[in-house]
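What follows is one structure encoded as structure tokens, with my remarks underneath.
The values are calculated or read from the model by the stated rules, or taken from the named source; none is laboratory data. Note that the structure is predicted; figures quoted are calculated from it, not measured. Don't worry about glycine lacking a Cβ; one is built from the backbone with ideal geometry, like all the others, and counts go over all protein chains shown. Calculation scope for accessible area: heavy atoms of the full protein, side chains included, ligands and nucleic acids excluded. Shrake-Rupley method; radii C 1.70, N 1.55, O 1.52, S 1.80 Å.
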Amino acid sequence: SSKTFWTTTGMFPQELIIGFPKRVKISKVAIQCYLVRTLRIERSTSKDPVGFQQCIEKDLQHREGQLQMEEFPLPEFEATYLRFIIKSAFDHFVSVHRVMAEGT
């Protein structure tokens, strides 16, 4: 729902982990967020959310009063879990409104 979101507690780094019911192939990740400065995306193929490997780290553009909409086309990889680490922000609190992963 576009009316719901996840928000940070005010200190950084913060992380959000998304699990899939089985290992999937992912070719693109997209995120809608607010006031995120530096974002890292990691993946794990383990049964449990451990042993993460970095996929990408990026500094996002500040958009005053607007959601940041970022797409990350990636070389196709397999994952059971995706971890989103918000390393820094433009304010004390940030929010994540939507996360999308494309693949099979």
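So, of the residues in region 23-54 that are without any contact (Cβ under 8 Å) to a residue 24 or more places away in the chain and not in a loop (DSSP other than H, G, I, E, B), which turns out to be farthest from Ser95 (Cα to Cα)? Out of the qualifying residues, it is Gln53. Considering only region 33-69, state which residues are over 21 Å from Lys3 (Cβ atoms) and charged (D, E, K, R). Scanning region 33-69 gives Arg37, Arg40, Glu42, Arg43, Lys47, Asp48, Glu57, Lys58, Asp59, Glu64. Given the structure, is Gln61 open to solvent by 80 Å² or more (accessible area, probe 1.4 Å), part of a loop (DSSP other than H, G, I, E, B) and touching an Asp or Glu at 6+ places or on another chain (Cβ under 9 Å)? Taking the combined requirement at face value, the residue satisfies it.
Of everything in region 64-92 that is assigned to a loop (DSSP other than H, G, I, E, B) and acidic (Asp, Glu), the residue that is most open to solvent (accessible area, probe 1.4 Å) is Glu64. Filtering region 1-22 to residues that are assigned to a loop (DSSP other than H, G, I, E, B) and polar (S, T, N, Q) leaves Ser1, Ser2, Thr4, Thr8, Thr9.
Of all residues in region 38-58, exactly one satisfies the criterion of being surrounded by fewer than 17 Cβ atoms within 10 Å (Cβ to Cβ), within 16 Å of the chain's Cα centre (by Cα) and hydroxyl-bearing (Ser, Thr, Tyr), namely Thr38. Taken over region 50-59, the criterion of being farther than 17 Å from Ile26 by Cα and not basic (Lys, Arg) is satisfied by Val50, Gly51, Asp59. Any idea how many residues of region 55-77 are more than 23 Å from Ser95 (Cα to Cα) and either small (Gly, Ala, Ser) or at pLDDT 95 or above (or both)? Of the residues in region 55-77, 0 are more than 23 Å from Ser95 (Cα to Cα) and either small (Gly, Ala, Ser) or at pLDDT 95 or above (or both).
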